[in-house]
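Below is one structure, written out as structure tokens; the observations come after it.
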Amino acid sequence: MGPERGLEQSGTLERGLAVLEHVGRHQEISTNAIARQLGLSRSAAYRIVGTLKNLEYLEADQVTGRVRLGTRLVELGARAMAATDLHRCAPRYLASLAERSGETTYLAVPDNDTMVYVATERSASAVTLACRLGTRRPQHATSLGKAWLAALPEADRLERVRRMRLDSLTLKTIVDPHRLLDELAKTSRRGWAVDEVENEPDVGCVAAAVRDHSGRPIAAISIAGPAPRVLRRLDELGASVAGTAAALSLRLGYVRSRPA
């Protein structure tokens, strides 16, 4: 394949992506060959490759000096695959959970300080709830958000809570960061989170985090319904949602390490 015309005049992002794609096609290649085959000057090629190596998108063979795709790209690829698997696999887990609980189940993914609802299933006896797909709700006021936060490493959890706006949505919303951190610590130990009418009036929820192959929380699933019905079954529904989240996480490649 000859040089890609006009690449030398392209922006930095375009040239960086072109280099990554070119390395991916060749598996291992020298920086001089990248410059020649993509029509870049040697100085531009070495600068781009150097930046990508520093960011761990490329790595160099210690003997030949040729570059190949780095660990950072492998991680991103694995995350993309996990996200695809999540949306493909989740509906049947949600449907089974809805049938067993008799309520409505949700799948949500994090976006900044909110959770975005991306899938739902209802049992025949479930009460219709107001939350629609695409709806965003603050993490601190939802069982979905608290389950995801509680699954983060403790330092990340602390940093997030410290910078979050803890707006009050109901009289029960936790707006004190110390109380919220205590609640997240309890959630982490227990394995599931609870929303005791903290997000919207008369609605109770329980939720648990879904993890990818690396153990990183990428989503959460919940059971939601009328507060009197859900909150009197907390232990039962909490164990059920935690079990379903664990099964979905296992399907995505997460295997929890056992203590020695």
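The values are calculated or read from the model by the stated rules, or taken from the named source; none is laboratory data. This is a predicted model, so every value here is computed, not measured. When we count neighbours, we look across all protein chains shown, and the Cβ atoms used for this are built from the backbone with ideal geometry, even at glycine. Just the protein is used for accessible areas: all its heavy atoms, side chains included, with ligands, DNA and RNA removed. Shrake-Rupley method; radii C 1.70, N 1.55, O 1.52, S 1.80 Å.
Points worth noting:
- Taking each residue as 0.36 nm, the span from Glu59 to Arg179 lengthens on full extension beyond its C-alpha to C-alpha distance by 38.7 nm.
- In summary, the lysines within cross-link reach of Lys186, defined as a Cα separation below 26 angstrom excluding same-chain residues under 8 places away, comprise Lys146, Lys172.
- Of all accessible heavy-atom area on segment 84-252, the percent that carbon and sulfur account for (1.4 Å): 50
- Two-site FRET efficiency, Lys172 against Val118, from Cβ-Cβ distance with R₀ of 35 Å, rounded to 0.05: 0.85
- Using the 1.4 Å probe convention, the accessible area of segment 95-201 works out to 50 Å² per residue with neighbouring protein chains retained.
- Highest mean first, the peptides 48-55, 15-22, 158-165 sorted by other C-beta atoms within 10 Å per residue fall in the order 15-22, 48-55, 158-165.
- Inter-site label distance for Glu236 and Ser96 at 7 Å from Cα along Cβ, in nm: 2.0
- Modelled spin labels at Leu133 and Val255, positioned 7 Å past Cα toward Cβ, are 3.4 nm from each other.
- Between Ser214 and Cys89, residue separation times 0.36 nm minus the direct Cα-Cα distance comes to 43.2 nm.
- A full extension of the chain between Arg25 and Arg163 corresponds to an added length of 45.5 nm, given 0.36 nm per residue minus the alpha carbon distance.
- Placing +1 on the Cβ of every Lys and Arg and -1 on the Cβ of every Asp and Glu, with nothing else charged, gives segment 84-252 a dipole about its Cα centre of roughly 220 debye.
- Heavy-atom accessible area per residue - segment 7-75, 1.4 Å, Å²: 60
- Ala247-Arg68 pseudo-label distance in nm [points 7 Å out on the Cα-to-Cβ vector]: 4.0
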